[in-house]
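Colleague: Please find one structure pasted underneath; my questions will follow.
The values are calculated or read from the model by the stated rules, or taken from the named source; none is laboratory data. On a predicted model such as this, the values are computed, not experimentally measured, just so you know. With ideal geometry, Cβ positions are generated from the backbone for all residues, glycine too; neighbour counts draw on all protein chains shown.
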Amino acid sequence: MPFFDSEGIVLPENTELRAACKLCDRATDPADEVICTLRRIAQRDEPAFKCAAFVSIYGILNDDIIV
């Protein structure tokens, strides 16, 4: 499904999957697919990717157990 921005049509297939997305538990949830795709498209030219909805596949990291 194409998306549109000020530059024209943007195809999600041509938008790079960011490293953070590969480590996010929501990446495999079909309910979050559109939101995740829109975030990647909006930040596709940014060097640093930021996602407030990120949930690690490893769960919450506790600093007390990290040595």
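Condition check ((1) touching a Pro at 6+ places or on another chain (Cβ under 7 Å); (2) loosely packed, with under 14 Cβ neighbours inside 10 Å; (3) modelled with pLDDT of 90 or more; (4) of a type outside the set (S, T, N, Q)) across all residues:
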residue	(1), (2), (3), (4)
32	no, no, yes, yes
39	no, no, yes, yes
47	no, yes, yes, yes
54	no, no, no, yes
60	no, yes, no, yes
63	no, yes, no, yes
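Colleague: Those residues that are loosely packed, with under 14 Cβ neighbours inside 10 Å, in a loop (DSSP other than H, G, I, E, B) and within 9 Å of the chain's Cα centre (by Cα), I need them from the stretch 1-24; list them, please. Walk me through how you get there before you give the answer.
Modeller: Here is the first cut: in the stretch 1-24, the residues loosely packed, with under 14 Cβ neighbours inside 10 Å are 1-2, 4-9, 11, 13-14, 16-17, 19, 22-23.
Keeping just the survivors that are in a loop (DSSP other than H, G, I, E, B) gives 1-2, 6-7, 11, 16-17, 23.
Residue satisfying the conditions is 17 alone.
Colleague: Now, a different point. When you check residue 67 against the structure, is it modelled with pLDDT under 90 and surrounded by 10 or more Cβ atoms within 10 Å (Cβ to Cβ), yes or no? Steps first, please.
Modeller: On the way: modelled with pLDDT under 90: yes; surrounded by 10 or more Cβ atoms within 10 Å (Cβ to Cβ): no.
Here the answer is no, as residue 67 does not meet what is asked.
Colleague: If residue 27 passes every condition in (1) loosely packed, with under 10 Cβ neighbours inside 10 Å; (2) at pLDDT below 90; (3) outside any loop (DSSP other than H, G, I, E, B) but one, which one does it miss?
Modeller: Among (1) loosely packed, with under 10 Cβ neighbours inside 10 Å; (2) at pLDDT below 90; (3) outside any loop (DSSP other than H, G, I, E, B), the lone unmet condition for residue 27 is (1).
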